[in-house]
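Reading through the structure tokens given below for one structure.
The values are calculated or read from the model by the stated rules, or taken from the named source; none is laboratory data. Note that the coordinates shown come from a computational prediction; the quantities given were computed from them, not determined experimentally. Counting neighbours? That spans all protein chains shown, and the Cβs are built from the backbone with ideal geometry, glycine included. Accessible surface areas use protein heavy atoms only, side chains included; no ligands, DNA or RNA. Shrake-Rupley method; radii C 1.70, N 1.55, O 1.52, S 1.80 Å.
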Amino acid sequence: MPLFVQLPLLLLVFAFGICALGTAVMPAAVFFLWVLEQTQGWGAWSRAWVVGTGAVASYVIFGFALMAVAILITRALPRLKPGEYSFISPQGVQWFFTGVLSFLVSKFFLDFLLLTWVNVFYFRLMGAKIGKGAQINTKNISDFHLITIGEG
């Protein structure tokens, strides 16, 4: 692919990622600012503990918000059918940007959810067909609409 096509796509990916991450971090930032406001005037040790705990809670809020952003965007788009698509086609662009979303969720948060029902629930909401009692031991899935796992 020529550079004059790659560079604008790269900038578009960065802009998309910034918007997705910024949207997801917003509720976490609001919560953290609230914690800071509530602890003004506290002693150093007690404030440090509450602010530190609030920072970790904010990260968890961010992670679930990022998952929600990815799910909402993915589900708002038409479901891709299996097949081959040109990279510069509506389906190719859709595939690429939903891949960016799943990459962001994977890198920022899914490590904490491996081997939990939340991981499986997220994959289902992203389009995977997963039977009851199935356990998924990876975060490295991006083409959710192509995944079918039976029960157990």
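3J(HN,Hα) along region 115-130: 6, 10, 5, 5, 4, 5, 4, 4, 4, 4, 5, 7, x, 6, 9, 10 Hz, from the Karplus curve 6.51 cos²θ - 1.76 cosθ + 1.60 with θ = phi - 60°, whole Hz, x for Gly and Pro. Share of carbon and sulfur in the accessible area of the chain stands at 71%, probe radius 1.4 Å.
Skip the ligands, DNA and RNA, and give the accessible area per residue of region 1-58 with a 1.4 Å probe, whole Å². Working shown, then result.
Working: 4130 Å² over 58 residues.
Counting only protein heavy atoms, the per-residue value for region 1-58 is 71 Å².
Backbone amide hydrogens, once placed in the peptide plane, bring ILE130 within less than 5 Å of ILE149, excluding anything fewer than 5 places away on its chain.
Under the definition of Cα pairs under 8 Å and six or more residues apart, what whole-number percent is the relative contact order of region 25-101?
On the way: 39 pairs, mean separation 23.1, N = 77.
Rounded, it is 30 percent for region 25-101.
The relative contact order of the chain, computed from alpha carbon pairs under 8 Å that lie at least 6 residues apart in sequence, is 20 percent.
Scanning the chain for chymotrypsin sites (Phe, Trp or Tyr not before Pro) in DSSP loops with at most 16 other Cβ atoms within 10 Å, what's the longest stretch left with none? The reported range is 88-152.
Treat every Asp and Glu Cβ in region 38-152 as -1 and every Lys and Arg Cβ as +1, leave all other atoms uncharged, and give the resulting dipole magnitude about the Cα centre to the nearest 20 debye. Could the numbers behind the result be given before it?
On the way: 9 positive and 4 negative charges, 37 e Å.
So the magnitude is around 180 debye.
Taking the convex hull of the alpha carbon atoms in region 33-73, what volume per residue do you get, in Å³?
Details: hull volume 1.9 nm³, N = 41.
Spelled out: Cα convex hull of region 33-73, divided by residues, is 45 Å³.
Just to confirm the number: angle between the C-alpha axis of helix 3-38 and the first principal axis of the chain, 0 to 90 degrees, nearest 10? Roughly 30 degrees, rounded to the nearest 10.
Annotation for region 51-121: trypsin sites (Lys or Arg not before Pro) lying in DSSP loop with at most 14 further Cβ atoms inside 10 Å of their Cβ are ARG79. Of all alpha-carbon pairs in region 1-54, indicate the percentage at a distance above 19 angstrom. Value for region 1-54: 54 percent of Cα pairs lie more than 19 Å apart.
Averaging over all projection directions, the Cα-based convex hull of the chain occupies 11.6 nm² in the image plane.
Taking Cα pairs under 8 Å and at least six residues apart, what relative contact order does region 75-152 come out at, in percent?
Details: 77 pairs, mean separation 23.8, N = 78.
Relative contact order comes out at 31 percent.
The per residue volume of the convex hull around the alpha-carbon atoms of region 75-138 is 100 Å³. From the alpha carbon centroid of region 100-152 to that of region 43-63 is 28 Å.
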